[in-house]
Amino acid sequence: MKTMKEVLANRLSRLLCVKSLVTLTLTVVFAALALRGEVGQDFMTVYTVIIAFYFGTQLERTAQKGPGAG
């Protein structure tokens, strides 16, 4: 069984991968633009594609591990 420190270190390392950084950055930009009411259609399209890709790859990775994993 993993310790809490190992679990946190693993999550932090996954968070810092490039894909996650891009997704988090775009989400912050999206939130800022939404609060200002300046979200353009082009940005919304790109953001939607990137978010769909991110969660699609996460789902695929989970499915490959099999039931009960992770």
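The values are calculated or read from the model by the stated rules, or taken from the named source; none is laboratory data. These numbers come from a predicted model, not from an experiment. Neighbour counts are summed over all protein chains in view; Cβ atoms, including those assigned to glycine, are modelled from backbone coordinates with ideal geometry. Surface areas here come from the heavy atoms of the whole protein model, side chains and all, with no ligands, DNA or RNA. Shrake-Rupley method; radii C 1.70, N 1.55, O 1.52, S 1.80 Å.
So M44 clears everything in (1) on the phi > 0 side of the Ramachandran plot; (2) surrounded by 11 or more Cβ atoms within 10 Å (Cβ to Cβ) except one condition, right? Which one? So M44 meets the others, but not (1).
Hey, among the residues in region 24-41 that are touching a helix residue (DSSP H, G or I) at 6+ places or on another chain (Cβ under 6 Å) and part of a helix (DSSP H, G or I), which one's most open to solvent (accessible area, probe 1.4 Å)? Ranking the qualifying residues of region 24-41, first place goes to F30.
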